[in-house]
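> Handing you this structure, nothing more for now.
The values are calculated or read from the model by the stated rules, or taken from the named source; none is laboratory data. No experiment lies behind these values; they were computed from the predicted model shown. Cβ: placed from backbone, ideal geometry, glycine included. Neighbour counts: every protein chain shown.
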Amino acid sequence: MKSFIALMIFILTLSGVHCYASVDETNIKKLIKAFQQEDRALIASLINYPLNRKRPIPSIKDENELIKRFDQIFDAHIISLIGSSNYQRNWHQIGWRGTSFSNGKVWINEDGKIRSVNYESLIELKLRQTIIESNKASIHESIKSFDQPILIWETDKFRIRIDKLENASYRYASWSIEKQMNEKPDLIINEGELTFDGSGGNHHFIFKNGKYIYQCSVIMMGESNSPPGLLEVFRGENILLKANVIKVLE
């Protein structure tokens, strides 16, 4: 009997079978109905906060803010798509990532709450472009060219900015903490790369500058006392600097 159980476990492992928590049909139908009725208060209660938006648009922190910004996030098109959707045909469990709607436009967690909205309305697109242009006007001319701002950090000694460029690579710029971003950066490194660390959302950027490697790690899931990010500088195998992020700027 023990040999049979061991064999079955081995076969399941080879076949790549995994067990994931699925979303209850009732929860998805509740969400669909909320969009059919355009019940903004109910929709706001069915979201897992904060609801991140494409940078540099600030994330939505709670239900009250969602209701205020509702038309920015959910226009008539996405409301109609969700409201007219079918539980079985349009919502799909995608392993550990959760349940996806319309090729990832919306993702919900195992509790049936929206955890991300990747759809961008025309209102939000115009807002993002306006913020980016305003942002470009406030920084040094040497780094005005970029496609999307990714992050702005402060450590105890440095101010760090990472931008995504038109060629889909990333650029690192840093200043000593007493300087402002309208001053020339002390260091600029191009051709950075992004790597995701597992499924929890943690990720890091790598920038190579001659013999030196700059690594910026974004900590989405960590211990209760974990910083939001970490700057590390290496030369070969030797670590020259390790600094916690003490402030994240929108």
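> Against the definition (surrounded by 19 or more Cβ atoms within 10 Å (Cβ to Cβ), of a type in the set (Val, Ile, Thr) and within 24 Å of Leu127 (Cβ to Cβ)), how does Ile28 come out, yes or no?
Spelling it out, it is not the case that Ile28 is surrounded by 19 or more Cβ atoms within 10 Å (Cβ to Cβ), of a type in the set (Val, Ile, Thr) and within 24 Å of Leu127 (Cβ to Cβ).
> In this structure, is Glu191 within 21 Å of Leu165 (Cα to Cα) and either assigned to a strand (DSSP E or B) or at pLDDT below 95 (or both)?
The answer is yes for Glu191.
> Related question: Within the range 82-92, track down each residue that is surrounded by 15 or more Cβ atoms within 10 Å (Cβ to Cβ) and in contact with a strand residue (DSSP E or B) (Cβ under 8 Å, 6 or more places away or on another chain).
Once the filter is applied, which keeps residues that are surrounded by 15 or more Cβ atoms within 10 Å (Cβ to Cβ) and in contact with a strand residue (DSSP E or B) (Cβ under 8 Å, 6 or more places away or on another chain), the range 82-92 yields Ile82, Ser85, Asn90, Trp91.
> Can you confirm whether Arg159 is of a type outside the set (A, V, I, L, M), within 19 Å of the chain's Cα centre (by Cα) and either surrounded by 14 or more Cβ atoms within 10 Å (Cβ to Cβ) or not assigned by TED's automatic domain parsing to the domain that holds Ser45 (or both)?
no
> Next up: Is it the case that some residue within the range 96-117 is of a type outside the set (A, V, I, L, M) and part of a helix (DSSP H, G or I)?
Yes, the conditions are met somewhere in the range 96-117.
> Does Ser100 meet the test of being without any contact (Cβ under 8 Å) to a residue 12 or more places away in the chain, buried (at least 18 other Cβ atoms within 10 Å of the Cβ) and either in contact with a strand residue (DSSP E or B) (Cβ under 7 Å, 6 or more places away or on another chain) or on the phi < 0 side of the Ramachandran plot (or both)?
So Ser100 fits the description; yes.
> Just to be sure, is Phe70 of a type outside the set (Gly, Ala, Ser) and surrounded by 19 or more Cβ atoms within 10 Å (Cβ to Cβ)? It would help to see each step written out before you state the result.
On the way: of a type outside the set (Gly, Ala, Ser): yes; surrounded by 19 or more Cβ atoms within 10 Å (Cβ to Cβ): no.
Taking the combined requirement at face value, the residue does not satisfy it.
> Out of the range 221-238, which residues are touching a strand residue (DSSP E or B) at 6+ places or on another chain (Cβ under 8 Å) and either loosely packed, with under 13 Cβ neighbours inside 10 Å or farther than 19 Å from Trp153 by Cβ (or both)?
Residue satisfying the conditions is Arg235 alone.
> Take the range 131-140 and flag every residue that is assigned to a helix (DSSP H, G or I) and surrounded by 11 or more Cβ atoms within 10 Å (Cβ to Cβ). Walk me through it before giving the result.
Start the filter on the range 131-140 by keeping residues that are assigned to a helix (DSSP H, G or I), which leaves 131-137.
Passing the criteria: Ile131, Ile132, Asn135, Lys136.
> Of the residues in the range 194-245, how many are assigned to a strand (DSSP E or B), touching a residue at least 24 places away in the same chain (Cβ under 8 Å) and not aromatic (Phe, Trp, Tyr)?
Looking only at that region, the number is 9.
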